[in-house]
Amino acid sequence: MGTQESDERACGTGRRALLGAAVLGAGGAVLGLPGAAGAAEARKASGGHGGGLKSLPVPTVIGHRGAAGYRPEHTFGSYDLALDLGAHVVEAGDLVPTRDGHLVCRHEPEIGGTTDVADHPEFAARRTTKTLDGVPTTGWFTEDFTLAELKTLRAVERIPGNRPHNTLYNGRWEIPTFEEVLRWQDEQTRRRGRQVWIYPETKHPTYFRKLGLGLEERVAELLRKYGKDGRNSPVILQSFEPSSIQRLNKLVDNPLVVLLSSADSRPWDFVEAGDPRTVADLVTKKGLREIASYAQGIGPTVDLVIPKDADGNLTEPSSLVRDAHAVGLVLHPYTVRNENPFLPPKFRRGSAADAYGDVFGVFQAYFATGIDGVFTDNADTGLLAREDFLRA
């Protein structure tokens, strides 16, 4: 993250980082990663910390679940490629627990759509239906597996209809643990000669706390183990549940970000606590001041930054960027993707579900609002759009 005031300084830094990434090879091996001793060496090499949020280029390009536009998400293949493409930050870790208490990186605890678990007859009986944040969900869930069992599975493409090319890599990578990601971060920092930043998320924390698998304490324990629990740590923590961020605020000093879904939605912890407020209440000046009392940023859906009309096209920007900056919050909206179905109709080209539209035009519209960064499945596209924006 960063501030608008740091834009001019960060511009040159961002270009140097991009050029440096372009000449480096793909990321390192998954196995044999260094441990806590190696982490200390990496911290020393990078000056002892990540330099704080203000050290990030503005606008920051964040590799959403790695390079999810090109590789199955939340795999080391996806994370490595995001760095190769020049992403300033990698969203390495939507964190969910195993039955034996380990944190692993999956988009959701239900893994039927992101792994080959359905092809494992030994796990057929684990398929079940659970209510996840009020929604009946059928499949296989990480909390019903030990880490050893999950390590026998392999990742697959989550949306093959939009990304048939990604299915080439089905079965190539296993499910990473958060501890492996922290080690990978140190290894990549050494290899690439620049501080690698990550942006993990606590997924469904209220749901897991009810199961006796609280996420925040496990996250904090690992961050402390690897010396990454400070305010200048290159690890930004995020969650859709404000109470999870408030809990983390008491456990670690990391940069913290509250994720915000559609205006009419309610964070699930609000539902459980009987809090009637919606996201629309959180993005008022009063709501943003409250968030700023325990977090450093927000991650709104892009629709909160530029609302869409009934046809799905962009309208005029809201006041969210201005209001958030007024209370010192940075904004990292989500998610810009290249494929037609994820773009406003006027930016689509043709009708194919896997075809790319005019995503450069979409990036320019969002960058022009003054956001501090953006999540994208296609970091290379985002960086080219960023260069266009900074030259304009």
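The values are calculated or read from the model by the stated rules, or taken from the named source; none is laboratory data. Because the structure is a prediction, the values reported are computed rather than measured. Cβ atoms come from the backbone with ideal geometry, glycine included; neighbour counts cover every protein chain shown. When the accessible area is computed, the model is the full protein with side chains, heavy atoms only, and any ligands, DNA or RNA have been set aside. Shrake-Rupley method; radii C 1.70, N 1.55, O 1.52, S 1.80 Å.
At 222 nm, what helix-only mean residue ellipticity would the chain give, in deg cm²/dmol to the nearest 500, using -39500 (n - 2.57) for each DSSP H run of four or more? Write out the running numbers ahead of the final one.
Numbers: 15 runs with 132 residues, N = 392.
So the calculated ellipticity at 222 nm is -9500 deg cm²/dmol.
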Between residue 388 and residue 251, the two model label points (7 Å from Cα along the beta-carbon direction) sit apart by a distance in nm of 4.1 nm
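Between residue 277 and residue 326, what's the calculated FRET efficiency when r is the beta-carbon distance and R0 is 25 Å? Round to 0.05. Mind showing how you got there, number by number?
On the way: r = 20 Å, r/R0 = 0.81.
My answer for the efficiency is 0.80.
Any idea of the accessible area per residue across the chain, 1.4 Å probe, to the nearest Å²?
Working: 15340 Å² over 392 residues.
In whole numbers, the chain has 39 Å² accessible per residue.
When the chain is fully extended, how far beyond the present Cα-Cα distance does residue 311 get from residue 289, taking 0.36 nm per residue of separation?
Details: separation 22, 0.36 × 22 = 7.92 nm, distance 3.28 nm.
In short, 4.6 nm is gained.
At 0.890 mPa s and 25 °C, plugging the Kirkwood radius over alpha-carbon pairs of the chain into Stokes-Einstein gives what diffusion coefficient in µm²/s?
On the way: Rh = 21.1 Å.
The diffusion coefficient I find is 116 µm²/s.
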Kirkwood-based Rg/Rh on the Cα set of segment 95-248 evaluates to 0.97
With +1 at each Lys and Arg Cβ and -1 at each Asp and Glu Cβ, the charge dipole magnitude of the chain around its Cα centre, to the nearest 20 debye, comes out at 800 debye
Largest-first ranking of 178, 347 by accessible area, probe 1.4 Å, whole protein assembly kept, is 347, 178
Rounded to one decimal in nm, the spacing of the 7 Å Cα→Cβ label points at residue 165 and residue 146 is 4.1 nm
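Dividing the Cα convex hull volume of segment 205-336 by residue count, how many Å³ per residue is that? Working shown, then result.
Details: hull volume 15.4 nm³, N = 132.
Per-residue hull volume (Cα only) is 117 Å³.
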Using alpha carbon centers only, segment 339-392 is separated from segment 237-293 by a whole-angstrom value of 27 Å
The aspartates and glutamates whose Cα lies under 14 Å from the Cα of residue 285, excluding any fewer than 8 residues away in the same chain, are 323
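If the chain between residue 303 and residue 122 were fully stretched, how many nm would it gain, using 0.36 nm times the residue separation less the Cα-Cα distance? Don't jump to the answer; show the numbers that get you there.
On the way: separation 181, 0.36 × 181 = 65.16 nm, distance 4.27 nm.
Between residue 303 and residue 122, full extension yields 60.9 nm more.
For segment 264-337, what value does the Rg/Rh ratio take when both radii are computed over Cα atoms and Rh is the Kirkwood radius, given to two decimals? Walk me through the numbers before you get to the answer.
On the way: Rg = 12.9 Å, Rh = 13.2 Å.
When Rh is taken as the Kirkwood radius, the ratio is 0.98.
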